[in-house]
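To start, the structure itself, in structure tokens.
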Amino acid sequence: MCDSSCEHDHVAADAATSACDSRRNHVHRKRSKLLAVLAVSAFCFTAAPLAAAAADGLAGGVHHASDLDWVIGENGWGPVERDFSNGARAVPDPDRKPLSIRGTTYPKGLGTHAPARIVYDVGQECTQLLGYVGIDDSQSGKGRVDFVIAVDGVERFREARTGTDPAARVNLDLRGADLVELRAETGPEGNGNDHADWADMRFNCTDTFLAQPLTLTAQGTDLSLLSPGAPVTIAVEGANPLAPVTVRFGDTSVVANADDTGRAVATFTVPAGASAGEYTITATGAAPFGATAEGSIAARVVAVSSTSYHVDCSAPSSGDGSAAAPFGSLAALATVGAFQPGESVLFKRGAECVGTFAPQGSGLDTAPIVVAPYGDGDAPATINGAGALAGIHLLNASNWTIDGMHVINPGTPDQRRVGILVEINDGTVRGGVVLTDNHVEDVAGWSDKTTLGNAFSRSAGISVLGDGIGAFDGITITGNTVNDTAAGGIKLSAPDSTRRYNTDVYVARNSIHDVGGDGIVIHNSDKPVIEYNSAIDLGHGKYPFLKGNFAGMWPYNSVDPLFQYNVVGNSTGSTYDSTAWDCDMKIKGSCTFQYNYSYGNAGGFYLDCISGCGTASTPTNAVLRYNVSQDDCRIAGSSGGPGLHLIYNNTFSCTRAFEDDMTAPREMTNNIIIAPSGTLKTTDAVYARNAYFGGITPPATETGAIVGDPGLIAAGSGQQTRELPGYQLAVGSPLLGAGLPVADAGTQDFFGNPLPAGAPNIGAYQGTGVERAALPFASLVNQTAVASTANPRNGQFTADHRMLSAASLADAGLEVGSPATAFGVGIDWHPRTVGTPDSIKVSGQEVALAGSADELVILGFSAGSISTGTATVQYQDGSSGDVDFRLPAWSSTSAPAADTVLVATADDHLQRSRPYLGGTVSTVDATVSVFAQRIPLSGKPVASVTLPPGSTMPGEGITLFGMALHGEGEQPAGAVSLSASAVDAGETVQVSGSGFAAGESVRIELHSDPVLLTTVEADAAGAFAATVRIPADTATGPHRIVVTSASGITAEAALTVGAASGGATTPGGAGPNTGAVAGAVADGDLARTGGALPIWALGAAGVLLLAGALIVARRRAHAG
């Protein structure tokens, strides 16, 4: 508005013109600062920047950062969250939770994941930035982040925080500032668990500095467990350096001087006459910017012990349990008797205590008794049950927290055994049980469900056992790892005589693998929530499943159990079950299984045992919705009505037949079913608007069925987590908006997308269509061809259920995780876990395979009568060419053509007679071979390869295990030119380039001391043009503009830099800020800043014709 009025109002007064010029200059200064920030691009983000938007009208108020628009919002995992911690990638995000740092919850703030960057334009309207930074408590003490704040490109704040650190305070002067940049940078260990919270972050845009409340923290004292006469040490942060700080508790006050960081430590004694109750500890002191700050923290006086007992079973002698003289054995620890509320039992890291830790006593809900490791390092503190009933046994106890322990209980697997056992046998109501971040393994329980009575159902890594009379009010089992435990992972159980249900049951984020039975079993609980758990390779491990039945996750005798966001995969066979999910007997209300992922289980998807696996009448409903089931197309069991199975908006993608062995009233709506064959039962069944593909056909009674390719991005490509981008619907899918509305359908889909207001999609994905693009080989695998002898019911590459044997292939030289070599090139051989998709059944997929090479090498075999096909190679220059794929049959033992070699031949393979349970499994004494073919290419840089057409179903066609580019090929030559061969420091120059790979990232740097000016992307023709600003402190004299592409193409042009107008630079040397970008942006970005296109950009094409000489690129030799 200012620019237009100055350019066109020719009758404006001189004073008005001068004022307008001043405003214009201010706009340009702001733009330059904005350009400098935009040029910084050192991170790799998953979220695209938002459109630029200045935060106008700030003056006079105090604004939370989460309530303002930002200019840039980039985040390392999913979106930047407003007023929630970082969660998953979905938008909206179902995983996000309130911001919390070291136990303090903040209702306002920003949740990010490093690397992250958020930029605000406050337009010189603000005075102060206040807030707190730290790792979110959801990461359980893990993670490390460098929090950085830059103001107008100058770093003003940097603080490293780990998951165990308290929040760091932010209190910055923003007077005169335009751009405020918040950055969360990863530490040297990577970005794992780097959930970075910007808590209570506020912009104070009044004329007065605010006093940030002082932060009070207890030092070595639990303020909820204060007792008369006890010393209390409080650290106070946020005061002025060396200022006196007054701390008060009731009528008691002490003064302590702050150190040079503004931190004061005050110690006082709780008065001897202090009565039990709630108190407030306050602090007052001088704070930055002339303010007087106050702070407070709640306290409670109770008759509670705060004793910590230390146990070091590796100590040469046993002491009194102090840190200086720890107990030396579990027997010595037992002499303590009953533990009191607030006490801790600490086991030395690196030491192992043999026997059972079976303590007495209970904590309070505000003062639990804690069991945890102590000592430096990360070695585990181990309790070894040595074949006893349990390693840790809590009996008739409340408010215990077992945190971070390592528990084993090895022995001969001949009886009931448990790792951690929590039990009631006195008919009481207990609660406050927290089992978190423990590692339970090597538990030799009983894995035969057909003998020894209830020894199987009560053997597990973690067992919570009721007596049928009492119950638990509060069971939290989170973040534990359970592996190699007989009979199962986590089990809550009790006799059927239950008089009272367990309440407040929460089982989440546990990792269970290689256990000899069930993953998670929940008995006798009211509204339990089981979420974000994984149970992989069930029935496997050191103590494998023997006889009877087990399933992945299931409830029994409970009310409205909810299982969501879980994963179950690669379970081995049992008599009839071995499904991922099971709704079992005596359920009241409904079983709900939603947002779960299962794959490759020997028994398939779901077991109905609501009526005892019979047809007795039951009012219970089972709701199965928004689940993804990969190669798990079996439903089994039975139940009577009037309760229904409501099965809707699931996606089944299977290479095994769909096996319907479930007799129960059902409604199946809006499901995708991909399978080679199968027949769905029609008795007491209603089918509507389901989609079918692969060979299976709709029931005759269905209305509105859709038959044909569902248009999924990459069906069958899931691995061991819920990251399943291949199960989204592509643009043009016939299933978008084709579903029927379902009553009480929930609020979101599998991916966290909100449900559409109109007609839903068919399947588990409810978002808009996703554009198709070439994907890496690993993202397109859709067939499990290799199986282990431990679970030969998962996988097949032929219609008659044949599988490659991982062990036999290893004997032949193809070992899982090791490269296969053919024609001098190494190709990854089965880099993933056995039991997950490992190969592409060729059917026209487009594989992203960028690089320059003389030939393409493919690894695989063919099946049936189809052994050849035509593929299309897309080159980076936009051209393409057809090539022939030709691989011998898997049963061949020789390569008939010169361009084909035999890579390995295994002596035998596996075969089963049925797709799921039943029938026989055998080792077939017949060879199976893997071949490689090399295919000549043009030598031009390759972009992708579109595979030959075919079917995704097992049998006829080509199977690929890998592909690679080989040879030098034709190397692209890049060139770069400048709009001027000489500019002054602080001015701009346009850089143009050509001869680069289409779509690749290109870095533009100023040399000899490298300064990154900007990063751009080459267009489809391999060209780019960008305007960059030479830093104002650049030394005068000759320099070079050096351009480097992601594929290794480099080019450069000479540039002479003169002295900056208005000031001199130092000849022959860099200025003081050579590592900082002074300002750079591609032309297309100028519009996003709100600035007008500079006049020198007009006619740039003509200027380029007169610019300095083109410098031909150097390129490193590159092999795909």
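By count of other Cβ within 10 Å, fewest leading, how are Leu223, Leu1006, Leu465 ordered? Can you show the working numbers first?
On the way: Leu223 17, Leu1006 25, Leu465 22.
Ascending Cβ contact count within 10 Å gives the list Leu223, Leu465, Leu1006.
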Using alpha-carbon positions, what is the distance between the centroids of the stretch 269-288 and the stretch 758-800, in Å? 61 Å
Cβ-Cβ cut-off under 14 Å around Ile135, Lys and Arg +1, Asp and Glu -1: the net charge is -4
Calculate one ³J(HN,Hα) per residue across the stretch 707-714 by plugging θ = phi - 60° into the Karplus curve 6.51 cos²θ - 1.76 cosθ + 1.60, and present them in order as whole Hz with x for glycine and proline. 10, x, 4, x, x, 7, 5, 7
Amide H contacts under 5 Å for Gly813, placed H, 5+ residues apart: none
For Glu294, list long-range residues whose amide hydrogen, built 1.01 Å from N in the peptide plane, is under 5 Å from its own amide hydrogen. Leu214
Within 10 Å of each residue's Cβ, count the other Cβ atoms and sort Arg912, Arg82, Arg117 from fewest upward. Arg82, Arg912, Arg117
Please list 3J(HN,Hα) in residue order for the stretch 160-173, calculated via the Karplus relation 6.51 cos²θ - 1.76 cosθ + 1.60 where θ = phi - 60°; whole Hz, with x for glycine and proline. 8, 10, 9, x, 9, 8, x, 5, 8, 8, 10, 8, 10, 7
Which residues qualify? For Trp890, with a placed amide H closer than 5 Å and at least 5 residues away or on another chain, they are Ser862
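For the stretch 385-578, what does the relative contact order come out to in percent, with C-alpha contacts under 8 Å and a separation of six or more? It would help to have the intermediate numbers written out before the result.
Working: 675 pairs, mean separation 33.2, N = 194.
So the answer I get is 17 percent.
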The stretch 82-148 versus the stretch 851-887: alpha-carbon centroid distance in Å: 47 Å
With n ≥ 4 as the cut-off for DSSP H runs, can you work out [θ] at 222 nm for the chain, using -39500 (n - 2.57) per run divided by the number of residues, rounded to the nearest 500? -1500 deg cm²/dmol
For the stretch 906-919, just list the computed ³J(HN,Hα) in residue order, Karplus coefficients 6.51, -1.76 and 1.60, θ = phi - 60°, integers in Hz, with x standing in for Gly and Pro. 8, 6, 8, 8, 9, 8, 10, 8, 10, x, 10, 7, x, x
Most exposed first, judged by fewest Cβ atoms within 10 angstrom, Tyr279, Tyr599 run Tyr279, Tyr599
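None of the figures in this text is laboratory data; all of them are computed from the coordinates on show. Treat the numbers as computed from the prediction; the structure is a model and nothing was measured. Here Cβ is always computed from backbone atoms with ideal geometry, including for glycine, and neighbour counts include all displayed protein chains.
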